[in-house]
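The values are calculated or read from the model by the stated rules, or taken from the named source; none is laboratory data. This one's a predicted model, so the numbers in the text were calculated from it and none came from an experiment. Here the Cβ positions follow ideal geometry from the backbone for every residue, glycine too, while neighbour counts run over all protein chains shown.
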Amino acid sequence: MVHIPALHTVFRKEELFNIIAKLYDIGTPISSRFVLNGLNDTYIVETDRESFVLRIYKHQWRSESDILYELDFLVHLHRRNIPVSIPIPRLDGAWLTELEAPEGLRYAVLFTFAQGKTKVDTDTSRMYGRSIALLHRAADEYVPLHSRFLLDTKHLLDEPVQHTLPFLRHRPDDYAFVQEVSSRLKGYLDAFPEDTLDWGACHGDLHGWNVHYTDAETLTHFDLDCCGKGWRSYDLSVFLWCRVESRTKQEEFKDECWDAFLDAYVKERPLKESDLEAIPIFVAVRQIWLMGLHTGNSAIWGAWQDDSYFDRKLKFLDAWVKAYKL
């Protein structure tokens, strides 16, 4: 018999649910569903009281300190009346449950369920923009109790490029293109004088699908797994990036949902001209970050980052940097 170490395992959900339910005051277990194998494993948990979300962080994806920062940040936002899905403490008051997996230690956290559904149109985009302005305002008051990685050029450019380049060895022109664009983007960001760009605690993944709407006035933010201190321009740029990433012509980069989002944001929390100027830079940064995310997790998700994948991703990146002369 040959023993081969595991990189990622999926727990038997029935046993997982029964064990987790005993640790919380959440009522009688009814059912659980394994709904997503993404950056982390996500389960919908049903009891006789209500629904919950159980997240199991992948081994070595986030450190204990990283996770505690996220959870403490969520509680801070909740206390400032920002509508967010928050962690639920166990009966002993702890947030984290350590799980022994074949690949090593993993952490489980139970969250409140975000009621509603996702929807992106001009009305919801305007709601979203205003809510993010309020979130950033509340985040300005956040004093971290735990350390966490920064959303800086190391995290957003250097590490993603290191993950991506091995997949482009057979495409030397694109290999060089990714290196050159990344270097230029870092140069543009370094050229901003110190303290010119707004810096603080960020959501980190504002693509517009990590929020549920229940009516015309109510929403709930969830999944701050990518949060951390970083540039607010980057935080905002993710919504624009999500709106245009599938487009490849300059005339298609104008988007009414982005316009509604940004207009609502600045009415609630004005931005400096430098922050607005940086947004196109960060859209390109986000594209490189995403390629690094996909290639960096290929050992678990599968190496589907083939030529067709890079044709699409790099076509947008090339069109974007040309359109904005980056």
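If I ask for residues that are under 16 Å from F222 (Cβ atoms) and hydroxyl-bearing (S, T, Y), which ones from the range 52-76 would you list?
Y57
Among V84, V75, which is touching a residue at least 60 places away in the same chain (Cβ under 8 Å), assigned by TED's automatic domain parsing to the domain that holds F34 and not acidic (D, E)?
After applying the criteria, what remains is V84.
For the subset of the range 89-137 comprising residues that are assigned to a strand (DSSP E or B) and touching a residue at least 60 places away in the same chain (Cβ under 8 Å), which member is farthest from E217 (Cα to Cα)?
Among those residues, the one meeting the criterion is A101.
Given the conditions (1) within 27 Å of F310 (Cα to Cα); (2) not in a helix (DSSP H, G or I), and given that P144 satisfies all but one, which numbered condition is not satisfied?
Single failed check for P144: (1).
I want to confirm something. Restricting to the range 186-217 and keeping residues that are part of a loop (DSSP other than H, G, I, E, B), within 18 Å of the chain's Cα centre (by Cα) and not polar (S, T, N, Q), which single residue is surrounded by the fewest Cβ atoms within 10 Å (Cβ to Cβ)?
W209
What pairs can you find where one residue is in the range 158-182 and in contact (Cβ under 8 Å) with a residue 12 or more places away in the chain, the other is acidic (D, E) and part of a helix (DSSP H, G or I), and their Cβ atoms are less than 7 Å apart, with a gap of 6+ or different chains?
L168/D174
Return the only residue of P160, P166, P172 being more than 24 Å from H212 (Cα to Cα), buried (at least 17 other Cβ atoms within 10 Å of the Cβ) and not assigned by TED's automatic domain parsing to the domain that holds I26.
After applying the criteria, what remains is P160.
Which strands (runs of 3 or more DSSP E) does the range 1-70 wholly contain that include 1 or more residues that are of a type in the set (G, A, S), within 25 Å of the chain's Cα centre (by Cα) and not assigned by TED's automatic domain parsing to the domain that holds F149?
In the range 1-70, the matching strands (runs of 3 or more DSSP E) lie at 29-37, 51-57.
Quick one: which residue in E50, E46, E98, E70 is within 22 Å of F149 (Cβ to Cβ) and surrounded by fewer than 21 Cβ atoms within 10 Å (Cβ to Cβ)?
None of the other options fit; the residue is E98.
Which count do you get for residues in the range 218-236 that are modelled with pLDDT under 95 and assigned to a strand (DSSP E or B)?
Qualifying residue count, the range 218-236: 0.
Can you name every residue in the range 248-274 that is more than 15 Å from S125 (Cα to Cα) and either buried (at least 16 other Cβ atoms within 10 Å of the Cβ) or of a type in the set (S, T, Y) (or both)?
Result: T248, F253, R269, L271, S274.
So how many residues does the range 3-31 have that are within 21 Å of K58 (Cβ to Cβ) and of a type in the set (G, A, S)?
Selection size over the range 3-31: 1.
Output the residues belonging to the range 179-193 that are under 20 Å from L236 (Cα atoms) and charged (D, E, K, R).
K186, D190
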